[in-house]
Amino acid sequence: MNARARNAIRQGVSNSCPAALVVPFLVHSDWPWVAKIPMTVVLGTLGWFIGWLLATAILRIWVVLAKARPGAPLYTFGKLPAAEFAAAGGKGASLARMAQEGLPVPPGIVVLGSAFEGDHLTASAAARLAKEVAKLTRKGELLAVRSSALAEDSAQASFAGAYESVLDVAAADVAAAIAEVRLSGRADRVGAYAAARGVEIGDQVAVVVQRMARADFAGVLFTADPLTGDLDVMVGNAVAGLGESLVSGAANAAEFRFHRTDGAYTGPDELAHVAKTLHREAHAAEATLAMGSLDIEWAVAGKKVWLLQARPITTMAGWDPITAERNDSLRGTCLWSATNLVEANPEPQTPLTISTADYVMAHGGPLIQAQGRNMSGYIGGRPYNNLSVQLAIRGPKVFKDPRAEYRKMTSLWGELPDEVPIPMLPMTSQDQQRDGMRMLGTLGPMLSARARLAAFIAATPQRCQALAEQIAATDDRAALRQLWLDEVFPGYRDSFWSIVAATPEKDTLPGVLRALVGPDDAAILLASIARLAGNLESLGPAEGLQRVAAGQMTRAEYLERYGHRGYNETELAWPRPKENPDSLAVVPTAQQADPERSDAAYGEALARLRGQHPKQAPKLEKQLVKRARAAARREAVRSEAVRWTSVVRAFALRAAALLGIGEDVFLLTMDELLAALDGDAAPFVHFPVRRETLRRYQQLPPPPVLIAGPFDPFAWAADPNRRTDYWVVGADMRTPSPQTSATVSGVPGASGIVEGVVRRIDSIADAGELQPGEILVTQLTNIGWTPVFPRAGAIVTDIGAALSHAAIVARELGVPAVVGCGDATTKLSTGDRVRVDGAAGTVEILGAE
């Protein structure tokens with residue numbers, strides 16, 4: 001049963017189930033018709049989802065039963081079980097997966113590495129192979145015999161042309177052809193290529209035996225432009241006859257392309273009759289394999305299109321396994337934002353920190369994907385959010401007006417300049433339905449985490465303390481690895497789910513308030529989180545330090561409660577204050593903030609709302625309280641999630657001690673660290689080059705907060721005229737000429753108007769230079785900056801949104817703030833005199849330094 005047949009069954013069952021619920025209700029219910037109509041809609045929708053889930057479950061069971069059991073030396077494509085995908089190598093696994101989804105793949109066999117003793121088949125494997133080959137060659141068909149090494153056709157390494165491929169093989173010659181392919185794995189070119197790409201070859205090379213496709217035309221098709229990263233096109237090359245002449249460079253190729261979403265074809269007339277089919281099957285292959293953009297080898301025989309091979313486009317890989325460089329912007333033109341991420345991650349992250357987040361998502365964490373692309377990624381060692389993915393999963397209406405949908409998320413991601421496009425993923429309605437149903441799978445864990453948020457906040461301190469003590473007492477590598485699997489990782493994964501559960505998806509209240517009472521009063525009303533919801537966790541460290549200075553709290557009490565928090569708290573390599581109590585700086589702060597002024601402003605704004613809109617005011621007040629409580633809860637959850645990060649750091653340091661590698665442990669990925677605890681020290685050889693990569697990242701200026709398209713952080717940093725607020729592929733990204741306007745604009749953070757002198761601070765290490773009453777101008781702030789805030793007359797940041805750290809804390813302290821300016825640090829210098837209007841989101845330059 002192919003994929004299209006399975007989809008037809010899903011649709012049939014899901015379309016039938018609504019009637020099973022609706023008809024009995026209409027017949028037997030005594031409800032009035034005015035109530036029956038909306039209830040019918042609810043029951044029909046519920047029935048559709050029940051039908052879809054029921055059909056999907058049944059089909060999954062059928063697919064599992066249709067496959068063979070693991071443990072055999074070889075399998076046909078249709079029978080290869082998922083448990084053997086890794087052993088089948090990149091080529092064998094992708095062909096099997098496509099065949100099992102009903103895509104047009106010539107029938108074939110995957111001979112696993114376990115079928116060999118040396119380079120020769122075992123007797124039992126040879127006998128089994130002979131039976132399967134006989135089925136493939138009943139009519140005298142010839143075969144192609146090709147390698148499928150474990151790392152072959154992966155995102156990091158294609159091995160194109162490295163191993164031998166033997167074509168036009170008769171049934172009697174298959175064993176000899178397999179031996180030839182296996183022997184080619186010892187060629188110098190294979191070892192050199194593997195070393196250059198940083199992948200292990202191993203001796204378990206699988207082999208693919210596949211029926212030859214007698215092609216009129218053949219070629220390659222990239223499901224995105226490999227040069228520009230444009231996801232809205234497919235580009236390809238074609239030659240007459242077999243594609244080997246194209247791959248080897250022996251023949252000139254004709255170029256063609258498709259517009260991705262509608263399949264519009266431009267190319268030679270000879271392919272026009274199969275263009276629609278080729279476009280459809282290539283799109284389906286990308287959806288099936290979920291590897292991102294693909295490099296597909298194909299063939300056409302008459303009107304039949306065959307897919308011969310599919311692998312990730314290596315030039316669009318975002319990861320280098322040797323250097324540990326990570327750049328997910330290379331995987332295709334998408335819109336990336338660091339707003340609300342860079343605050344908690346102010347420095348380039350180490351490979352262990354980056355990979356641990358990936359490990360969580362790959363092992364039951366909150367994985368959000370569309371078309372095989374994750375919503376989270378990394379550029380230049382810093383986390384970014386893929387807004388193209390986040391918008392795509394919100395439903396088909398988004399594609400009609402993505403900017404309108406984005407405006408609903410501005411409190412999280414900030415304002416989007418008109419010059420910055422929103423590249424949308426080229427998704428069909430079937431893609432949207434498939435990914436939408438996958439997203440439903442995250443609904444259960446998220447709702448469960450949301451129901452347990454209070455328990456998570458309450459239990460985390462004691463649980464983390466107990467685990468830290470258990471880690472410190474573990475002296476055996478195997479026991480430490482098991483502790484990770486049994487205790488540390490499950491708790492850490494739960495912290496991810498808790499953060500997702502505590503983060504609001506939409507925040508429409510700001511727009512409603514601005515329309516009713518104007519931007520100034522709206523900013524004031526939205527500002528008072530602590531006033532409406534109680535204590536705010538972001539203020540805790542600053543308030544705690546003042547209590548320590550006043551003798552109201554001991555250092556030990558402070559460190560127990562806040563010793564896990566700080567400037568770079570999400571980085572595993574960053575030492576926590578609790579680890580070095582003597583580093584705790586307790587200095588009385590010259591208070592410039594005025595919370596009472598903020599309280600008075602709130603009361604006046606609320607009175608105006610009640611007076612101008614007496615009917616809407618009660619409902620809006622309830623929404624303000626609900627929004628404030630949600631924000632305060634989010635801050636508390638985030639604090640306890642950071643406490644779990646401290647536990648993972650303790651695990652890493654204990655592993656480093658047992659392995660004898662010291663701080664270099666943070667240069668490993670999490671998978672490599674766990675493998676090292678099992679005895680695999682091979683990645684240790686990469687420490688020097690990875691150390692250099694991290695050093696280069698640390699020397700980069702912070703990249704733009706908004707990035708649209710493939711981005712090279714090193715090339716960008718080398719340009720003296722670079723823009724710092726956003727970057728768009730293909731656009732003029734030089735710093736614009738100075739404008740006559742002497743105003744810097746951003747997002748209203750906290751209300752109030754203040755005139756003062758700028759103190760631009762580029763590093764938290766220099767925060768002590770801020771004098772009382774000066775205007776703090778910096779790229780970003782996070783909880784590590786909080787003790788500085790009370791000294792500031794106002795706060796201005798390049799990065800931020802309404803729910804960012806600077807905005808939330810400044811509002812509670814009564815310090816005017818403008819966040820998300822994009823270019824404040826390039827336009828403002830220490831000594832400039834400015835007027836900051838927090839409610840309007842403007843900084844007027846009154847006089848230059």
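The values are calculated or read from the model by the stated rules, or taken from the named source; none is laboratory data. Predicted, not measured: the structure shown is a model, and the values here were computed from it. Ideal geometry is used to build each Cβ from the backbone, glycine not excepted, and the neighbour counts take in all protein chains shown. Side chains included, ligands, DNA and RNA excluded: accessible areas come from the protein's heavy atoms. Shrake-Rupley method; radii C 1.70, N 1.55, O 1.52, S 1.80 Å.
Some points to look at:
- ASP203 open to solvent by 70 Å² or more (accessible area, probe 1.4 Å) and modelled with pLDDT of 90 or more: no
- Only residues that are more than 30 Å from ARG695 (Cα to Cα) and not basic (Lys, Arg) were counted in region 372-413, giving 20.
- Residue list for region 513-534, restricted to those being of a type outside the set (A, V, I, L, M) and in contact with a helix residue (DSSP H, G or I) (Cβ under 7 Å, 6 or more places away or on another chain): ARG514, ASP521, SER528, ARG531, GLY534
- Failed item, numbered, when ALA357 is tested on (1) in a strand (DSSP E or B); (2) open to solvent by 10 Å² or more (accessible area, probe 1.4 Å); (3) within 26 Å of TYR567 (Cβ to Cβ): (1)
- Residue list for region 260-281, restricted to those being touching a Phe, Trp or Tyr at 6+ places or on another chain (Cβ under 8 Å) and either surrounded by fewer than 15 Cβ atoms within 10 Å (Cβ to Cβ) or more than 13 Å from VAL300 (Cα to Cα) (or both): ALA264, TYR265, THR266, GLY267, PRO268, GLU270, ALA272, LYS276
- Being farther than 27 Å from ILE707 by Cα, surrounded by 23 or more Cβ atoms within 10 Å (Cβ to Cβ) and more than 25 Å from the chain's Cα centre (by Cα) is true of ALA792.
- Some residue of region 398-412 being surrounded by fewer than 23 Cβ atoms within 10 Å (Cβ to Cβ) and either touching a Phe, Trp or Tyr at 6+ places or on another chain (Cβ under 6 Å) or of a type in the set (Asp, Glu) (or both): yes
- ARG561 at pLDDT below 80 and charged (D, E, K, R): no
- Matching residues in region 483-506 - criterion: being within 19 Å of THR410 (Cα to Cα) and either at pLDDT 85 or above or open to solvent by less than 30 Å² (accessible area, probe 1.4 Å) (or both): ILE499, VAL500, ALA501, ALA502
- Among the residues of region 598-629, those identified as farther than 13 Å from ALA527 by Cα, in contact (Cβ under 8 Å) with a residue 24 or more places away in the chain and either open to solvent by less than 50 Å² (accessible area, probe 1.4 Å) or in a loop (DSSP other than H, G, I, E, B) (or both) are LEU609, HIS613, GLN616, LEU620.
Matching residues to (1) closer than 30 Å to TYR406 by Cα; (2) of a type outside the set (S, T, N, Q); (3) at pLDDT below 95:
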| site | (1), (2), (3) |
| --- | --- |
| ILE661 | no, yes, no |
| VAL665 | no, yes, no |
| ALA682 | no, yes, yes |
| PRO688 | no, yes, no |
| ASN721 | yes, no, yes |
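- Only one entry in SER147, SER114, SER124 is surrounded by 23 or more Cβ atoms within 10 Å (Cβ to Cβ), at pLDDT below 95 and either among the polar types (S, T, N, Q) or part of a strand (DSSP E or B) (or both), namely SER147.
- Cβ-Cβ under 7 Å pairs, at least 6 apart or on other chains, region 63-88 side part of a helix (DSSP H, G or I) and loosely packed, with under 12 Cβ neighbours inside 10 Å, far side β-branched (Val, Ile, Thr) and at pLDDT 90 or above: none
- Of all residues making up region 482-532, the number that are under 27 Å from the mean Cα position of the chain (by Cα), farther than 19 Å from GLY441 by Cα and without any contact (Cβ under 8 Å) to a residue 24 or more places away in the chain: 3
- Note on region 751-766: among residues that are over 32 Å from the mean Cα position of the chain (by Cα) and among the aliphatic types (A, V, I, L, M), the one that is most open to solvent (accessible area, probe 1.4 Å) is ILE753.
- Every residue from region 549-582 that is open to solvent by less than 70 Å² (accessible area, probe 1.4 Å), more than 26 Å from ALA656 (Cβ to Cβ) and of a type in the set (Asp, Glu): none
- Hits in region 813-826 (condition: open to solvent by 10 Å² or more (accessible area, probe 1.4 Å) and either closer than 19 Å to VAL754 by Cα or in a helix (DSSP H, G or I) (or both)): LEU813, GLY820, CYS821, THR825, THR826
- Flag for ASP475 being within 30 Å of GLY229 (Cα to Cα), open to solvent by 60 Å² or more (accessible area, probe 1.4 Å), not in a helix (DSSP H, G or I) and not basic (Lys, Arg): no
- Residue satisfying all of: in region 639-692; in a helix (DSSP H, G or I) and among the polar types (S, T, N, Q); farthest from PRO490 (Cα to Cα) among these: SER639
- Total residues in region 372-389 satisfying the condition of being crowded, with 23+ Cβ neighbours inside 10 Å and on the phi > 0 side of the Ramachandran plot: the figure is 2.
- Matching residues in region 127-144 - criterion: being among the charged types (D, E, K, R), surrounded by 14 or more Cβ atoms within 10 Å (Cβ to Cβ) and more than 45 Å from the chain's Cα centre (by Cα): GLU141
- Residue in region 442-450 that is open to solvent by 60 Å² or more (accessible area, probe 1.4 Å) and at pLDDT 90 or above present: yes
- Residue count for region 310-333, restricted to those that are outside any loop (DSSP other than H, G, I, E, B) and among the small types (Gly, Ala, Ser): 2
- Filtering region 278-302 to residues that are outside any strand (DSSP E or B) and farther than 19 Å from PRO107 by Cβ leaves LEU278, HIS279, ARG280, ALA282, HIS283, GLU286, ALA287, ALA290, MET291, GLY292, SER293.
- Residue ID - modelled with the highest pLDDT, chosen from residues in region 796-812 that are more than 24 Å from TYR384 (Cα to Cα) and surrounded by 24 or more Cβ atoms within 10 Å (Cβ to Cβ): ALA810
- Condition met for PRO510 (assigned to a loop (DSSP other than H, G, I, E, B) and closer than 23 Å to ALA630 by Cα): no
- Among the residues listed as LEU539, LEU532, the single one being in a helix (DSSP H, G or I), on the phi < 0 side of the Ramachandran plot, modelled with pLDDT under 90 and open to solvent by less than 20 Å² (accessible area, probe 1.4 Å): LEU539
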